[in-house]
Amino acid sequence: IDIVGKYLKDITGYNHVSFQSNSGAVGEYTGLLCIKKHFETLGEKRNICLIPNSAHGTNFASASIANMKIVKFDDNIMSNNFDDFVAKYKDNLACLMITYPNTNGVFQEDIKDICDTIHKYGGMVYMDGANMNAIVGINSPAHCGADVCHLNLHKTFCIPHGGGGPGMGPILCNNTLAPYLPINSIQQDENDKQYKDTIGAITSSNYSSAVLLAIP
């Protein structure tokens, strides 16, 4: 666990990881819950999640299950008047969900500016790591400016997508979101002060489909 965790931290540029989520979709849901908890802790009622039309269907499903208000938009907006578009939602903006490169295989060349714009208006950036195999060792979610991401260990670092068997979608995040990462009351002391802001348990074990970790 520790070895794989170190590798994933190096690859993504983050210092914190949770292995609880047992799929990419659950990773998305977990990351969004951490973002929501962050704003709740600050006393801010931010609930709008911006998602480009090219996004995988699980992005929309995860945001819906997390009870966020979804605003869909055309991918072209990100390279044309994106600041004006985001400004319209500045009072309630929670996050942007973005896949890099996107589902159509397009690298958003201004990815840093995109993330900076979201931060400028008080939101956070969730990066879907479904296409992480395209940037491993070249770029990282943290370098792009994202606050949290998930990785599909059953895809990018293991077997071809759709190869069957268990899935695993650990999330990695920056220091701001670290206090909200999920814990398991059986494996951790939930009364420990460092876990006071946790979102709680997402799956039945802190290590999800742990046997899968041996392959990556």
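Report the full-extension gain for the segment K72 to K112: residue separation times 0.36 nm, less the Cα-Cα distance, to one decimal in nm. Provide the component values of the computation, followed by the final result.
On the way: separation 40, 0.36 × 40 = 14.40 nm, distance 2.03 nm.
Between K72 and K112, full extension yields an extra 12.4 nm.
Give, in nm to one decimal, the length gained when the segment between S54 and D83 is fully stretched (0.36 nm per residue of separation minus the Cα-Cα distance). Provide the component values of the computation, followed by the final result.
On the way: separation 29, 0.36 × 29 = 10.44 nm, distance 1.93 nm.
Stretched fully, the S54-D83 segment lengthens by 8.5 nm.
Considering only C-alpha atoms, what is the centroid distance from the range 74-120 to the range 29-47, in Å?
19 Å
What number in nm² do you get for the range 1-125 if you take the convex hull of its Cα atoms and divide its surface by four? Don't skip to the end; give the middle numbers.
Working: hull surface 32.0 nm².
For the Cα atoms of the range 1-125, the hull's average projected area reads 8.0 nm².
Suppose each label sits 7 Å from its Cα in the direction of the beta carbon; what would the Y121-A61 distance come out to in nanometres?
Placing both labels 7 Å along Cα→Cβ, they lie 2.8 nm apart.
Which of the pairs K6/K155; K45/K120; K72/K112; K45/K72; K9/K112; K90/K193 have their Cα atoms more than 24 Å apart in this structure? Mind showing how you got there, number by number?
Values: K6/K155 19 Å; K45/K120 17 Å; K72/K112 20 Å; K45/K72 20 Å; K9/K112 20 Å; K90/K193 32 Å.
Checking Cα-Cα distances, K90/K193 exceed 24 Å.
Put V4, V106 in order of accessible area, largest first, 1.4 Å probe: what do you get? Let's see the in-between values first.
Details: V4 20, V106 75 Å².
Final ranking, largest accessible area leading: V106, V4.
Tally the DSSP beta bridges in the chain and give the antiparallel ones as a percent, rounded to 5. Each step should come with its number before you reach the end.
Values: 6 of 22 bridges.
If I count the DSSP bridges inside the chain, around 25 percent turn out antiparallel.
Restricting to DSSP loop positions (anything but H, G, I, E, B) with no more than 11 other Cβ atoms inside 10 Å of their own Cβ, which trypsin sites (Lys or Arg not before Pro) remain in the range 34-77?
Numbers: sites: K36, K37, K45, R46, K69, K72; in loops: K45, R46.
Qualifying residues, ordered by number: K45.
With a Cα-only, solvent-free Debye model of the chain, what are the log10 I(q)/I(0) values at q = 0.09, 0.18 Å⁻¹?
Values returned for q = 0.09, 0.18 Å⁻¹ are -0.32, -1.33.
How large, in percent, is the carbon and sulfur part of the accessible surface of the chain at a probe radius of 1.4 Å?
Values: 4900 of 10030 Å².
Ligands and nucleic acids excluded, carbon and sulfur give 49 percent.
Roughly how many debye, to the nearest 20, is the charge dipole of the chain about its Cα centre, given +1 on each Lys and Arg Cβ, -1 on each Asp and Glu Cβ, and no other charges? If you can, show how the numbers build up before the last one.
On the way: 15 positive and 20 negative charges, 63 e Å.
So the magnitude is around 300 debye.
How long is the gain from A214 to T41 if the chain were fully straight, where each residue apart is worth 0.36 nm and the alpha carbon distance is subtracted?
Values: separation 173, 0.36 × 173 = 62.28 nm, distance 3.64 nm.
Stretched out fully, the A214 to T41 stretch lengthens by 58.6 nm.
Just the accessible area for S23, please: 1.4 Å probe, Å², rounded to the nearest 10?
S23 exposes around 30 Å² with every protein chain in place.
Under a 1.4 Å probe, what is the accessible area of the range 101-216 per residue, stated in Å²? Show your work: numbers first, answer last.
On the way: 5460 Å² over 116 residues.
Using a 1.4 Å probe on heavy atoms only, each residue of the range 101-216 averages 47 Å².
The values are calculated or read from the model by the stated rules, or taken from the named source; none is laboratory data. These numbers were taken from a predicted model, which means no experiment stands behind them. Quick reminder, even Gly has a Cβ in these numbers, built from the backbone with ideal geometry, and neighbours come from all protein chains shown. SASA here: full protein model, heavy atoms, side chains in, ligands and nucleic acids out. Shrake-Rupley method; radii C 1.70, N 1.55, O 1.52, S 1.80 Å.
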